[in-house]
Amino acid sequence: MGRILIATLPLAGHLYPALAIASKLSRRGHTVAWATPPAGLSSRLLADGQVFPLPLLAEQPPDLDRTQARGFESVRTFFEHYALPMARQTFEALREAVTVFQPDAWLVDHQMVGAAIAARASDRPWATLATSSASIHRVHPTMDAWVADALGQLQTELLPGRPPVERPDFSPHAVIVPSVEALIGERRARFEAAYHFVGPLRDEARADSPFPWSWLQPDRRKILVSLGTVNRDLGSRFFEMICDAMRLLPDVQAILVAPETVAGGAPDNVLVCQQVPQISLLARVDGVLCHAGHNTVCEALAQGVPLIVSPIRHDQPLIAEQVLLAGAGLFLRHGKATASATSALIRQLLEDPGPRSRAAELSVAMRSASGADGAADVIERLLTPGERP
Amino acid sequence: MSARYTDILATVIQKVRDTVNEDWIREYPIGPQTQISRDLEIESIEMVILASSIQRHYGARLSLVDWLSGRSLEDLISLSVGDLVRHIDQALPPDA
């Protein structure tokens with residue numbers, strides 16, 4: 001039996017996929033410990049093994065999530081204000097965790113670059129968990145070179161004496177991608193790595209949040225509108241526009257994952273919730289309108305639900321591109337969306353059989369992927385030197 | 001401003017409107033200062049489609065994709081309609 005150290009972020013899109021793998025590993029008799037900042041959802045970990053709290057970012061700019069940056073600018077901001085400072089601030093604590101816990105293998109979220117470099121330094125096998133499949137794509141020569149340069153400097157600083165690699169966040173042993181190649185596509189080049197496409201990672205132990213199921217009317221078509229937990233509280237203007245669009249669609253019901261303040265101006269066919277049991281709800285809706293967050297997209301497609309993708313920044317434009325190239329959704333330009341254009345797009349999503357049938361095909365691929373068990377198998381193989389991939 | 005510059009500007013603006021092809025863009029004021037990413041939210045595959053469509057218009061006389069690949073990150077972030085027009089104007093042979 002092995003000891004596995006999991007380094008991740010206390011955010012839904014990072015923690016839940018890691019928890020899904022961890023519960024499989026625990027059930028197979030392995031000992032799991034966590035290295036994560038003690039914030040956000042990290043209280044979910046109390047029952048799941050030892051936790052090494054990582055120092056919180058002291059100088060995280062308060063406006064990081066409110067910046068208007070998009071496109072390449074948002075990627076640069078993400079590295080300069082988040083990923084790189086976090087790597088520098090957590091590196092020592094991660095090396096201490098190795099000394100105390102003595103892991104046989106690591107599982108490292110791709111955004112925890114400091115943990116990836118610490119894993120490399122520990123000379124123990126490790127796997128990357130690429131919680132957004134966008135990071136496996138080459139984006140643009142200029143952007144890719146900028147990232148490689150920033151990560152090169154970080155490696156020289158944290159691990160002097162070892163030659164930097166282009167992608168220190170990607171393990172040379174295994175990169176677990178919770179998506180499927182049928183969605184990721186071949187249009188964009190990928191970084192070379194030992195990929196394992198395991199499909200969506202569902203934490204079966206995760207309890208559903210309460211939901212007023214009786215509000216859903218059997219004779220109406222329904223859409224779920226979500227900008228994800230990180231963007232939920234930012235998009236008031238967007239949600240107000242959605243409410244206006246829904247006034248034009250009285251025969252459709254919409255569930256909005258939005259701040260409570262939106263509820264005041266919402267028409268009767270809109271239900272505003274701050275949290276929803278997303279996977280159970282996806283089984284009951286006919287379409288999803290979202291920011292193209294990796295988890296929401298994969299969870300919707302796993303259930304064959306087509307999407308309207310309205311990416312804002314970071315990896316979202318690339319995930320939206322995957323959906324559009326796969327034919328499983330329609331595009332809504334986030335900052336330019338009007339109520340009339342959005343209502344027409346929702347109508348199209350509900351009536352056009354194309355995206356629905358492509359989503360159904362992708363659901364077959366998602367459901368036949370190896371999932372959390374497959375990811376746990378990858379980590380178990382790391383524990384057996386002869387079988388190391 | 002040369003007649004040719006004005007011509008290229010009109011062509012690029014038309015290519016932007018055709019590529020986006022949504023209601024709002026028909027009335028949206030577009031000029032040399034308009035930024036492709038910040039103002040028009042054009043990115044990833046749509047930028048490739050826009051560049052190829054401009055490329056097709058001018059043919060082998062310029063290589064827009066190569067030129068874009070060589071821009072700095074700062075240049076790409078703030079890339080404007082005017083940047084594209086200036087490049088095309090300089091890249092085309094004088095009598096084109």
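Tabulated results
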read-out: Yes/no for A:L324 being part of a strand (DSSP E or B), surrounded by fewer than 24 Cβ atoms within 10 Å (Cβ to Cβ) and within 14 Å of another protein chain (Cβ to nearest Cβ); value: no
read-out: Test: residue in the range A:263-278 that is under 22 Å from A:L201 (Cα atoms) and either in a helix (DSSP H, G or I) or hydroxyl-bearing (S, T, Y) (or both); value: yes
read-out: Odd one out for A:R162, checked against (1) closer than 19 Å to A:R124 by Cβ; (2) modelled with pLDDT under 95; (3) touching a His at 6+ places or on another chain (Cβ under 7 Å); value: (3)
read-out: Flag for B:S78 being among the small types (G, A, S) and more than 9 Å from chain A (Cβ to nearest Cβ); value: no
read-out: Selection within the range A:329-347 - assigned to a loop (DSSP other than H, G, I, E, B) and either charged (D, E, K, R) or facing chain B (nearest Cβ under 9 Å) (or both); value: A:R333, A:A337, A:T338
read-out: Among the candidates A:R124, A:R162, residue that is surrounded by 15 or more Cβ atoms within 10 Å (Cβ to Cβ), more than 18 Å from the chain's Cα centre (by Cα), away from chain B (no Cβ under 14 Å) and charged (D, E, K, R); value: A:R124
read-out: Per-region count, the range A:298-321, residues within 13 Å of another protein chain (Cβ to nearest Cβ), aliphatic (A, V, I, L, M), in contact (Cβ under 8 Å) with a residue 60 or more places away in the chain and in a helix (DSSP H, G or I); value: 2
read-out: Some residue of the range B:33-40 being at pLDDT 95 or above and either loosely packed, with under 14 Cβ neighbours inside 10 Å or part of a helix (DSSP H, G or I) (or both); value: yes
read-out: Leading residue by the ranking (nearest to the other protein chains (Cβ to nearest Cβ)) among those in the range B:17-32 that are assigned to a loop (DSSP other than H, G, I, E, B) and not β-branched (V, I, T); value: B:E22
read-out: Selection within the range B:77-88 - at pLDDT 95 or above and in a helix (DSSP H, G or I); value: B:V81, B:G82, B:D83, B:L84, B:V85, B:R86, B:H87, B:I88
read-out: Failed condition for A:S179, given (1) within 14 Å of chain B (Cβ to nearest Cβ); (2) touching a residue at least 24 places away in the same chain (Cβ under 8 Å); (3) under 26 Å from A:E299 (Cβ atoms); value: (1)
read-out: Given (1) more than 13 Å from chain B (Cβ to nearest Cβ); (2) closer than 24 Å to A:S226 by Cβ; (3) surrounded by fewer than 21 Cβ atoms within 10 Å (Cβ to Cβ), number of the condition A:D377 does not satisfy; value: (2)
read-out: Qualifying residue in the range A:211-218 (condition: of a type outside the set (V, I, T) and more than 25 Å from A:L271 (Cβ to Cβ)); value: no
read-out: Conditions (1) closer than 28 Å to A:A341 by Cβ; (2) within 14 Å of chain A (Cβ to nearest Cβ); (3) among the charged types (D, E, K, R); number of the one not met by B:D66; value: (1)
read-out: Tally of residues being within 14 Å of chain B (Cβ to nearest Cβ) and surrounded by 18 or more Cβ atoms within 10 Å (Cβ to Cβ) across the range A:141-159; value: 3
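The values are calculated or read from the model by the stated rules, or taken from the named source; none is laboratory data. Quick caveat, the model's predicted, so the values are computed rather than measured. Cβ sites come from the backbone with ideal geometry, for glycine too, and all protein chains shown count toward neighbours.
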